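A.B. asks: This is the structure I want to talk about, given as structure tokens.
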Amino acid sequence: METDRLAQRLSAVVGPAHVLSAPALRASYETDFTGRYTGRARLVVRPADTAQVAEVLRLCHQAAAPVVPQGGNTGLVGGSVPTPAGTQVVLSLRRLDGIDPVDTAVRQVTVGAGVVLSDLHRQVASHGLEFGVDLAARDSATLGGMIATNAGGERVVRYGTTRANVAGVEAVLADGTVLDRLAGLPKDNTGYDLTNLLVGSEGTLGVVTRARLRLVPQLPERVTALVALDSLDSAIDLVSRLRTLDSLELAEFFMADGLALVLDKSGLPAPFRTAHPVYLLVECAGQRDPAQELFDVLDKPGPLETAVALRGADRRRLAAYRERHTESINAEGVPLKLDVTVPLAELPGFVAGLPVLLAGRARPYLFGHLAEGNLHVNLLDVAAADEEAVTGQVLERVAALGGSISAEHGVGRAKSRYLHLSRSPAEIAVMRSVKSALDPAGLLNPGTLLPRAVDASAAGHHAR
Ligand code: FAD
Ligand code: MLT
Ligand code: ZN
């Protein structure tokens, strides 16, 4: 089927205004947040509901057109944008943005895949409830994208990753078949867990159209502290003591050079009069006095300096020093982003060894979710010729230490050729079997997650 013929048929389903073929209209769907991954879409299609998604996928299947699902396009591993070949249809889910009435009795809500995280937060807050997952991309990331990547974020230590907060999904397979697992039943042992198969599948097994989400009660008392420490070892020690608190929601770290960059790019005032090697952002929340609990832990042995905030605006001001790392690094250059888990006991050694491993080939900025040993290794100034070697060497070191080559961002196109470092040949073979059972023609997000045998389009996919 020719492009214009497919465009005509898709237009009949979603309306001509929602099939974008002009380059200027497609542009924002073709480049990722970092600017590292850019491509060309055959078309961008913007359906409004599940029935339209099913019909769009059926037509693309008939036309053998590969499809890249896209939500807020904040993903950081190149899985949300098309390859440069111009053959892939971008399926934007953003118009599926309805939020059903909140079911306060069972603390669940059903939402469209295109609902933006901060809109969900606002909606459920009016019922005294919260969604347990939160991340700095909250104003753009969609629930569909978060489910597809099993996003982690800042509150995993208390509420788990997205997976733990999803009770069910509705999804459309590559041929247009609709799977409805939205009942959200607390007990339902009727075979394979299709919801959990789709969570973290990065748009390769099905397109999430709606989701049934678990909610948690809003906690009335909340305290945030920014703690300055002399080393990563001290930060890890503090996190292990903080873990004894039921009220602990967040333990995020960053380093002196990262803070200096954030201050430079954002114009924020420095949090302390002097710079310190390591910073930990901590938040506790509970029914009664989480601040006192937190101070009891912070008191022995005391950090170098601590700034504490109780009011919302002040808490957000402290959080900004951590949350603005991504945009500040982006403002400095196009980063090579590695998102890894290193077992906590190995983390200080891994960080101390990085300069030797990088051998002057990159300017590293490190930050992340310390409670899970989730380190965001952001590398600037890497020469194009060094990118593959640097990536391979860092990820091999992570794997040798028993870590994971992708902690929370997913595998995408960026890490697919390194999947074997974290998954065995047997596991990858099972993943391929699952993929071919659900998407035998290989049309959903090809080149993402599973390495392709011949993958000319994934290689050389950089903007620069
Ligand atoms: P997209 O970027 O549009 O897509 C991501 C992947 O999901 C792609 O493979 C895409 O094909 C697939 N996909 C999207 N929608 C669907 C759907 N409906 N059905 C099937 N597949 C779909 N991630 C974290 O885990 N933790 C963080 O703390 C975090 N912080 C971030 C902070 C910033 C400033 C930024 C820019 C990103 C951050 N991310 C983080 C990464 C990103 O926001 C998350 O991965 C998020 O879940 C992606 O959502 P999205 O809607 O933007 O998805
Ligand atoms: C974060 O924790 O802020 C994100 O995962 C984004 C990033 O890694 O840049
Ligand atoms: Zn993160």
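A.B. asks: How big is the antiparallel share of DSSP beta bridges in the range 119-269, given as a percent to the nearest 5? All intermediate terms of the calculation are to be shown ahead of the outcome.
C.D. replies: On the way: 11 of 11 bridges.
Of those bridges, close to 100 percent are antiparallel.
A.B. asks: Output ³J(HN,Hα) for the range 159-172: one whole-Hz value per residue in order, computed from phi by the Karplus curve 6.51 cos²θ - 1.76 cosθ + 1.60 with θ = phi - 60°, and x for Gly and Pro.
C.D. replies: So the J values, rounded to whole Hz, are 10, x, 7, 3, 3, 6, 10, 10, 8, x, 9, 10, 9, 10.
A.B. asks: Going highest first, how would you order 79-91, 151-163, 340-352 by mean Cβ packing within 10 Å? Write out the running numbers ahead of the final one.
C.D. replies: Values: 79-91: 23.3, 151-163: 21.6, 340-352: 17.9.
The most tightly packed comes first, giving 79-91, 151-163, 340-352.
A.B. asks: Can you give me the C-alpha center-to-center distance between the range 48-80 and the range 225-259, rounded to a whole angstrom?
C.D. replies: Computed from Cα coordinates, the inter-centre distance equals 40 Å.
A.B. asks: Work through the residues other than residue 105 whose Cβ is under 15 Å from its Cβ and net out their charges, Lys, Arg +1 and Asp, Glu -1.
C.D. replies: Values: positive: 107, 212, 214; negative: 100, 103.
Here the charged neighbours net out to +1.
A.B. asks: Now, a different point. Round to a whole angstrom and tell me the spacing of the C-alpha centers of the range 105-138 and the range 363-412.
C.D. replies: A separation of 30 Å, based on Cα centres.
A.B. asks: While we're here: Give a quick list of trypsin sites (Lys or Arg not before Pro) in the range 275-318 that DSSP marks as loop, anything other than H, G, I, E or B, with at most 11 other Cβ atoms within 10 Å. Don't jump to the answer; show the numbers that get you there.
C.D. replies: Working: sites: 288, 311, 315, 316, 317; in loops: 288, 311.
Answer in residue order: 288, 311.
A.B. asks: Quick one: dipole size for the range 333-409, taken about the Cα centre, charges +1 on Lys/Arg Cβ and -1 on Asp/Glu Cβ, in debye to the nearest 20. Walk me through the numbers before you get to the answer.
C.D. replies: Values: 4 positive and 9 negative charges, 35 e Å.
Once rounded to the nearest 20, the dipole reads 160 debye.
A.B. asks: Sticking with this one: Given H placed 1.01 Å from N in the peptide plane, which residues other than close sequence neighbours of residue 200 have an amide H under 5 Å from its amide H?
C.D. replies: Excluding prolines and chain starts, which carry no amide H, the hits are 148, 149, 150.
A.B. asks: Determine, for each peptide in 204-210, 28-34, the mean count of other beta carbons within 10 angstrom over its residues, then list the peptides with the highest first.
C.D. replies: Values: 204-210: 26.6, 28-34: 19.6.
Result, highest mean first: 204-210, 28-34.
A.B. asks: Only bridges with both residues in the range 2-92 count here: give the DSSP antiparallel percent, nearest 5. If you can, show how the numbers build up before the last one.
C.D. replies: Values: 3 of 11 bridges.
Taking every DSSP beta bridge with both residues in the range 2-92, the antiparallel ones total about 25 percent.
A.B. asks: Want the number for residue 51 to residue 320: 0.36 nm per residue separation, take away the alpha-carbon distance, what's left? Intermediate results must be reported in sequence, preceding the final value.
C.D. replies: Values: separation 269, 0.36 × 269 = 96.84 nm, distance 4.03 nm.
Extending this stretch completely gives an extra 92.8 nm.
A.B. asks: Check residue 339: other-chain or 5+ apart residues with amide H under 5 Å from its amide H, H built from backbone geometry?
C.D. replies: Sorted by chain and number, the residues that satisfy this are 377, 407.
A.B. asks: How much accessible area per residue does the chain have, counting only protein heavy atoms and a probe of 1.4 Å, in square angstrom?
C.D. replies: Numbers: 18900 Å² over 464 residues.
I get 41 Å² per residue for the chain.
A.B. asks: Also, quick follow-up: For the range 248-329, just the Cα atoms, rotate onto the principal axes and tell me the three extents in Å, largest first.
C.D. replies: Sorted largest first, the three principal extents are 37, 26, 18 Å.
A.B. asks: What percent antiparallel are the DSSP beta bridges of the chain, to the nearest 5?
C.D. replies: Numbers: 61 of 70 bridges.
The antiparallel proportion sits near 85 percent.
A.B. asks: What are the principal axis extents of the Cα atoms in the range 2-92, in Å, biggest first?
C.D. replies: 34, 25, 22
A.B. asks: I've got another one for you. Carbon-plus-sulfur fraction of the accessible area of the range 221-326, 1.4 Å probe, in percent?
C.D. replies: C and S fraction of accessible area: 49 percent.
A.B. asks: Give me the extension gain from residue 230 to residue 441: residue separation times 0.36 nm, minus the current Cα-Cα distance, reported in nm with one decimal. Present the calculation step by step, with values, prior to reporting the outcome.
C.D. replies: Values: separation 211, 0.36 × 211 = 75.96 nm, distance 5.44 nm.
Fully extending the segment from residue 230 to residue 441 adds 70.5 nm.
A.B. asks: Let me ask something additional. Determine the equivalent ellipsoid of the chain by diagonalising the alpha-carbon gyration tensor, then write out the semi-axes as square roots of 5 times the eigenvalues, largest first, rounded to whole Å. Mind showing how you got there, number by number?
C.D. replies: On the way: eigenvalues 268, 144, 80 Å².
In descending order the semi-axes read 37, 27, 20 Å.
A.B. asks: Please give the length that would be gained between residue 300 and residue 432 if that part of the chain were fully extended, namely 0.36 nm times their separation in residues minus their C-alpha to C-alpha distance (nm, one decimal).
C.D. replies: On the way: separation 132, 0.36 × 132 = 47.52 nm, distance 5.11 nm.
Difference between extended and current length: 42.4 nm.
A.B. asks: Let me have the 222 nm mean residue ellipticity of the chain computed from DSSP H runs of 4+ only, each contributing -39500 (n - 2.57), with the sum over all residues rounded to the nearest 500.
C.D. replies: Working: 15 runs with 149 residues, N = 464.
Helix contribution divided over all residues of the chain: -9500 deg cm²/dmol.
A.B. asks: Report ³J(HN,Hα) in whole Hz for each residue of the range 87-99, in order, from the Karplus equation J = 6.51 cos²θ - 1.76 cosθ + 1.60 where θ = phi - 60°; Gly and Pro get x.
C.D. replies: Result, rounded to whole Hz: 9, 9, 8, 8, 9, 8, 9, 5, 6, 8, 10, x, 10.
A.B. asks: Beta carbons within 10 angstrom, averaged per residue: use that to sort the peptides 234-240, 403-409, highest first. List each step's numbers first, then the result.
C.D. replies: Values: 234-240: 19.0, 403-409: 22.9.
So the peptides 234-240, 403-409, ranked by packing, come out 403-409, 234-240.
The values are calculated or read from the model by the stated rules, or taken from the named source; none is laboratory data. This structure is a prediction, so every number in the text was calculated from the model and none was measured. Note that we place each Cβ from the backbone using ideal geometry, even for glycine, and neighbour counts take in every protein chain shown. What goes into the accessible areas is simple: the full protein's heavy atoms, side chains included, and nothing from ligands, DNA or RNA. Shrake-Rupley method; radii C 1.70, N 1.55, O 1.52, S 1.80 Å.
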